[in-house]
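This report concerns only the one structure given below.
The values are calculated or read from the model by the stated rules, or taken from the named source; none is laboratory data. The structure displayed is predicted, hence computed values, not measured ones. Glycine also receives a Cβ, built like all others from the backbone with ideal geometry; neighbour counts cover every protein chain displayed.
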Amino acid sequence: MSPILFISDLHLTPERPQAALLLRRFLREVAPSAAALYILGDFFEAWVGDDDLSEPFHADIAEALRAVSARGTRVAFLPGNRDFLAGEAFARAAGLTLLPDPTRLDLFGVPTLLTHGDAFCTDDATYQAFRTQVRGDAWQQDFLARPLAERRALARGLRERSEHAKIDKKPLIMDVNAEAVERAFRESRVDRIIHGHTHRPARHAHDVDGRPRERWVLADWYDTGAYLHCDAQGCRAVALPAA
């Protein structure tokens, strides 16, 4: 049976061409052998609405995804905090399925929860308040009504403020909250969670109510590329060789 692959946090942008080159190689050499590819958010550095497909870089990435889908690998996209405005026009252009966050699936017999992961960072109260605001219909309608150039400028400003705010935050605050993770295991009735967001790739073993569980944190693609390979034997992290 063909494997299922997971990636997240590529933060694709024309200013970082190396990540796009790694992605193209991954889509050409690795993804076609998989039954499905799941992208768990922050695929783009920013996505300010589906008219952002007018950016040639974004349109080329969408076409690369569509080519993989056309070759038989199902592609699914679960938006993150950088690209939660990805919508149906993007999905059609990229030949993929949009997923809600979180999504539960049976992964080779293991009940598994897929999520971007930022909802687990509950110790960062400021971020959670912002997350609630921008995920609301009123904020999104107002934002999407603005001209594309203005939205791009606003997104740049938000990223700059976010990076500046991180300087004053303790690293622990920006990681997942253990109670939030345990609650997700219980409420979703899963034995495995796969997420990104924290840029701290690892496999974590959990014991929740006397039952062993596992949590996989996906790697970012800032320095190199990596993906999670899952099949009937389990999951393993795989690093892409340097170009």
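Annotation note: Cβ proximity below 7 Å between a residue of region 1-27 that is within 21 Å of LEU53 (Cβ to Cβ) and a residue that is loosely packed, with under 14 Cβ neighbours inside 10 Å and among the hydrophobic types (A, V, I, L, M, F, W, C) (sequence gap 6+ or interchain) occurs for LEU21/ALA243. A count restricted to region 1-35 and to residues that are over 19 Å from ARG71 (Cα atoms) and part of a loop (DSSP other than H, G, I, E, B) stands at 8.
Taking (1) within 18 Å of THR13 (Cβ to Cβ); (2) of a type outside the set (D, E, K, R); (3) in contact with a helix residue (DSSP H, G or I) (Cβ under 8 Å, 6 or more places away or on another chain) in turn, ILE39 satisfies each apart from (3).
Residues that are in contact with a helix residue (DSSP H, G or I) (Cβ under 8 Å, 6 or more places away or on another chain), at pLDDT 95 or above and aromatic (Phe, Trp, Tyr) do occur in region 53-64, at least one of them. Here the strands (runs of 3 or more DSSP E) wholly within region 93-201 that include at least 3 residues being touching a residue at least 40 places away in the same chain (Cβ under 8 Å) and surrounded by 14 or more Cβ atoms within 10 Å (Cβ to Cβ) are 110-114, 192-195.
Looking only at residues that are hydroxyl-bearing (Ser, Thr, Tyr) and not in a strand (DSSP E or B) in region 202-240, which one is nearest to PHE108 (Cα to Cα)?
Checking each candidate, the answer is THR224.
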